Every structure is written in structure tokens, then in C-alpha cells.
Amino acid sequence: MSYTEARALYDQFDEAQLQFLTTKTLEGSHTPRKWLKILQKLAKFDELADKSRSKSMRKIFLWGFLSVFTFIFTFILIFPILLAAWFAYLAYKNWKQHQFLKGQDLRNQFRKFLVPLIQILREESAEQEKLYLKLDLNHPLSQQNHVDFQERKGPGYPKFKENYYRSSWLNMSIKLRDQSMLSLALEDVIRKRQVTKTGSSGKIKTKTKTKVKHLASVKVGFPKVQYQPAADRNPEVVFSEDANLMLIKWKQKYTSSSIEDNIPLSELVKAISQTYKQVQPLGNLV
Amino acid sequence: MASCEIQTGIFVLRNCGAPSKGTCKVCGKSSCVKHSRAFESTIICLECLVEEKKKTSSDKKRGRNMEDAYEEEIGTDFLWYYMLKDQLNDSFSFTGFDSRDYDSFSLTEDTVVWDGEDEGGLFDS
């Protein structure tokens, strides 16, 4: 059922949406409302596709098994060969659907992080304000993100091989309702470590471990005509200013062991809130 | 016609202001379609719904509930947003600035001009 629904949504996509599913990259400026109109359908499609794919492997296995099992009986009877062919066809059909959806799959950050983040920014900005968005959802361990390789060799075991990747996957900026300028950048720094060691029996084993640092950089330019530094602001926060703006930077780090994880949305919102905690409006504060 | 009195925004707070479709049975505020939900055979606002949900779930589960609510409402609005606001308020003591804090504000487009300077190296420190 999920596949039929996902396919029906897919068939409604315009050229830009189809291109995004192919390239997994996006760059442009639209109002948050327009971005949501474009992206929410893709998010719904991705959710349905994930659901369908999670079931399809089981189906492929089941139809494949039944096909082979029935085929064995064709040596005795004639009829089961048609049944075996039918089961084989069902297995093949499910496999094709699975492969199709796999090709369109977007990283979960897209629907669990980016789309709600745009919804938050829609509430924080004026209706006509444009949101600049640059997104790259290609696999973070692709060759273009590879930045370093280190190898620790000794006379014996263990031996270490480490590959480092840096994936800058999201940049966005928008002017908020209070005329502050918000810029966000999200980056994943990944270490893939391969350890080869010998067990007590002398057997050589290789294990691969991944560690990911999810970095969020927040910068808010507060207009000086409306804000002043808060009396109790954190002295460690990076703070600079020019004639019109106070610029406050905040970095948030989150560590995980999977490239599928991401910094939680609440942590990013906290990071933006941190910058707001460093200022106070030039009004009659209550 | 009354306008929706439910507060929106996380950093800069404001009343929603959309045309109201009814009154919350718990807090009595006017609320629009977007900020109302059916709950136990009555209509309440999202702010009160979050409070009701809190009564029935432990603190440990609340973060997860926000995620669940988002997954359930992926194409619509907006309970998860009020759960996030509440979480931020509870765990981080952050409530944003509201109109009382901005008495001297003139929210006009030409108040400040973002010159785009420093765009290239925003995150270099």
C-alpha cells in the first residue's frame, strides 16, 4: 500500500522536485511557505518510501522462497510451474519497487530536521521574507568529502586505518521578524576507523567503527537600534560588532556513532536561543 | 470577529492573530483552526493540549513525544512545535522576547540593512 501511495505522490512531482531526488542537492531563495510547499510533499514521499522499503525485503524473500519451493515440485507435477513463475514475478516486482525507492531515498535529516526547522523559521519571519537554502544530502562518505587518511602501522597488531570525511550539508540564512539576520551552517565530521587485531586463538579480525561529530554554527546579527548586550551575557560567547549590527556566534556539537544521526532539532533551537540570551531589547523591559 | 490569542514564535513571541474559530475550554483564549485540537470531546488550544499531554507522560518520554507528534503531523501543523517550545522553556529557561520587551521597536523593513559582509567567513572562528 505504501508503495502505491509513494508512487502516486512521485508521479505528481514537478521537474524541480524530481531533479532534487536525483541530485540530492538544492540551492535557492524562497519564502519559507514556498519552501514548505515544495519540500513537504517530498518529505511525505520519503516517509512512505521508507515504510515501503522496510517491508519489501521481507516480501522479496517470501516470494523468492515460495517460487523456489514450488519449482521443486514441477519435477513431479506440471501445474506448479505456473505458480512458481507467478511467485518469481512477484519477487521480481517487489525487488524493482525496492530498487526504485532506494534510488529516491533522502537522508532522514531531510524530513526529521530540515522541514520542521523551516516551519520554525516560517513562524519567526515576515510573510514575504526569503530564506536562502543550500542543501546537500549526498552520502557523507562520498569521495568528494574525504579529507584525510591516517595509518598507524607497527611491527605487530593492532593496526589502525582512519579515514576522515567532512560533509557540509546545510547552509541557510533569513531575516527574522525583529530584523535580526540569522545564519546557520551544519556540518558532519566523520572518522571511520578500521582496527585489525589478533584474537587469543591467533585469528586476525577487522572491525570498523564510525564516530560522527555533528557541528552546528549559528550566527545572529542583531540590529543595534533594537538591541543591546545583556548585562549578564556569557563572556565566552563570540561577540563582535560593526556600525549597525552586533554579531553573535554560537557553536553546538553533538557526537554520535552513526552517519544517520543528526544534531537534535531542540539542540539547534537551544543554540539559536543562546544568542538571544546574550542581548536585551532596547525597550521598556518588564 | 475575535483574533487568535495563541502565542507563536520561539525567539520573538507574538499572538497568532488569525481569525478565531472558538474559545479554548481550559484557558478561555480565542484560538484559530491551526491552534485548536479536539481533546476528550471538547476543543482546547495547543498550549493547553501540551499541558494535558504532560500530565500523562513522564519527563523521559517527552522528547520522544515531540518526535512522534512531528511524524504523525508531517504535512500539517503543529503540536510538536508547542512541545518544543515547552521543552525549551522547562529545560533551558528560555521564553523569547514578547511585545512588552520591544516597546521601542518600530518593525519596519528599513530599520536595518544587512550588508551581507562577512558572508564568506561566517563560521571561521
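If the condition is being at pLDDT below 95 and among the β-branched types (Val, Ile, Thr), then the stretch A:166-199 contributes A:Val189, A:Ile190, A:Val195, A:Thr196, A:Thr198.
Evaluated against (1) outside any loop (DSSP other than H, G, I, E, B); (2) within 15 Å of B:Thr8 (Cβ to Cβ); (3) at pLDDT below 75, B:Asp68 falls short on exactly one condition, (2). Checking each residue in the stretch A:8-22 for being out of contact with any strand residue (DSSP E or B) (no Cβ under 8 Å at 6 or more places or on another chain) and free of Cβ contacts under 8 Å to residues at least 40 places away in the same chain picks out A:Ala8, A:Leu9, A:Asp11, A:Gln12, A:Phe13, A:Asp14, A:Glu15, A:Ala16, A:Gln17, A:Leu18, A:Gln19, A:Thr22.
Looking at the structure I just gave you, is A:Gln278 within 19 Å of B:Thr95 (Cα to Cα), in contact (Cβ under 8 Å) with a residue 24 or more places away in the chain, buried (at least 16 other Cβ atoms within 10 Å of the Cβ) and facing chain B (nearest Cβ under 9 Å)? Spell out how you get there, then give the answer.
Values: within 19 Å of B:Thr95 (Cα to Cα): yes; in contact (Cβ under 8 Å) with a residue 24 or more places away in the chain: yes; buried (at least 16 other Cβ atoms within 10 Å of the Cβ): yes; facing chain B (nearest Cβ under 9 Å): no.
So A:Gln278 does not fit the description; no.
I'd like to know if the stretch A:215-230 contains one or more residues that are of a type in the set (Lys, Arg), surrounded by fewer than 18 Cβ atoms within 10 Å (Cβ to Cβ) and more than 9 Å from chain B (Cβ to nearest Cβ). No, the stretch A:215-230 has no match at all. A:Pro140 falls short on exactly one of the conditions (1) buried (at least 18 other Cβ atoms within 10 Å of the Cβ); (2) touching a Pro at 6+ places or on another chain (Cβ under 8 Å), and that condition is (2). Restricting attention to the stretch A:4-28, the residues being modelled with pLDDT of 90 or more, of a type in the set (Ser, Thr, Tyr) and either closer than 22 Å to A:Ser167 by Cα or exposed (fewer than 13 other Cβ atoms within 10 Å of the Cβ) (or both) number 3. When restricted to residues that are within 14 Å of chain B (Cβ to nearest Cβ) and closer than 30 Å to A:Lys205 by Cβ, the stretch A:131-187 contains 1.
Among residues of the stretch B:15-29 being closer than 25 Å to B:Asp90 by Cα and buried (at least 17 other Cβ atoms within 10 Å of the Cβ), the one that is nearest to the chain's Cα centre (by Cα) is B:Cys16. Residues in the stretch B:4-45 that are among the hydroxyl-bearing types (Ser, Thr, Tyr), more than 14 Å from chain A (Cβ to nearest Cβ) and outside any loop (DSSP other than H, G, I, E, B): B:Thr23, B:Ser30, B:Ser31, B:Ser36, B:Thr42.
The values are calculated or read from the model by the stated rules, or taken from the named source; none is laboratory data. None of the values given here were measured: they were computed from a predicted structure. With ideal geometry, Cβ positions are generated from the backbone for all residues, glycine too; neighbour counts draw on all protein chains shown.
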